[in-house]
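Trainee: Right, I'll just put the structure down here and ask away after.
The values are calculated or read from the model by the stated rules, or taken from the named source; none is laboratory data. Quantities reported herein were computed from a predicted structural model and do not represent experimental measurements. With ideal geometry, Cβ positions are generated from the backbone for all residues, glycine too; neighbour counts draw on all protein chains shown. Please note that ligands, DNA and RNA were not included when accessible areas were found on the heavy atoms of the full protein model with its side chains. Shrake-Rupley method; radii C 1.70, N 1.55, O 1.52, S 1.80 Å.
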Amino acid sequence: FPVTILKRTVSTERTTEQSQAKPKEQKAPYELIMKLYNEILHELPQATELTDARKKLIDGYWYWLFSTNRESGKRKATTYDEAISYSEQFFTSITQDDFVMGRTPKTANHQNWKATIDYILGPRGRTKCLEMARYRAKQEQ
């Protein structure tokens, strides 16, 4: 991602079990993903409830991190730490997206619309956010 990550005080401590687990055995850190979202994307509606539906979205996002590649061909994450780092970068890149952040409506129907954690972590929104980050990076070159 082309954006600089701001220094954070978010605790990304993990258990020994998480550190030693194979990527496919990694359990999604629901609360940490929500905390990163809330702190980095503080202008968006805050995620406060950890529902079963939201757990499924986070599980899907977590699986995506370990099962898909970056444009370079390298896996997005192969360890817990890489997955957390990628998540920080991903959320930080979204702060540059005026539409997703609700600063610029795409159409009149999108007036006052802002993304939520469910949109960003869902397959459709995640793909759109990632593609827009890549587009912005290419425009800045």
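Trainee: Over region 18-130, what lengths in whole Å, largest first, do the semi-axes of the equivalent ellipsoid take, defined as the square roots of 5 times the eigenvalues of the alpha-carbon gyration tensor? Display every interim value, and only then the final one.
Mentor: Values: eigenvalues 128, 49, 27 Å².
Working through the eigenvalues yields semi-axes of 25, 16, 12 Å.
Trainee: Sticking with this structure for a sec: Could you pull out the GluC sites (Glu not before Pro) across region 52-141 that fall in loop regions by DSSP (anything but H, G, I, E, B) with no more than 10 other Cβ atoms inside 10 Å? It would help to have the intermediate numbers written out before the result.
Mentor: Details: sites: E71, E82, E88, E131, E140; in loops: E71.
Passing both the DSSP loop test and the Cβ count: E71.
Trainee: For a Förster distance of 30 Å, can you work out the FRET efficiency between the beta-carbons of Q139 and Q111, rounded to the nearest 0.05? Don't skip to the end; give the middle numbers.
Mentor: Numbers: r = 25 Å, r/R0 = 0.84.
Efficiency computed from Cβ-Cβ geometry: 0.75.
Trainee: Could you estimate the translational diffusion coefficient of region 74-117 from the Stokes-Einstein equation, with Rh from the Kirkwood formula over C-alpha pairs, at 4 °C and 1.567 mPa s, in whole µm²/s?
Mentor: Numbers: Rh = 12.0 Å.
The estimated diffusion coefficient comes to 108 µm²/s.
Trainee: Still on this structure, I have one more. May I ask you to give the solvent-accessible area per residue for region 45-92, in square angstrom, as obtained with a 1.4 angstrom probe? Display every interim value, and only then the final one.
Mentor: Numbers: 2420 Å² over 48 residues.
For region 45-92, the per-residue accessible area is 50 Å².
Trainee: What number does region 91-141 give for Rg over Rh if you use C-alpha atoms and the Kirkwood radius?
Mentor: Numbers: Rg = 10.9 Å, Rh = 11.3 Å.
Expressed as Rg/Rh, it is 0.97.
Trainee: Considering only the other residues whose Cβ falls under 11 Å of the Cβ of A53, what net charge follows from Lys and Arg at +1 and Asp and Glu at -1? Could you put the intermediate results ahead of the total?
Mentor: Details: positive: R54, K55, K56; negative: E49, D52, D59, D118.
For residues surrounding A53, the net value is -1.
Trainee: Using each residue's phi in region 86-97, evaluate 6.51 cos²θ - 1.76 cosθ + 1.60 at θ = phi - 60° and report the 3J(HN,Hα) Karplus result to the nearest Hz, with x for Gly and Pro.
Mentor: 4, 4, 4, 5, 4, 5, 5, 4, 5, 4, 8, 8
Trainee: Excluding residues fewer than 8 places away in the same chain, name every one of the aspartates and glutamates whose C-alpha is closer than 12 Å to that of K35.
Mentor: E49, E88
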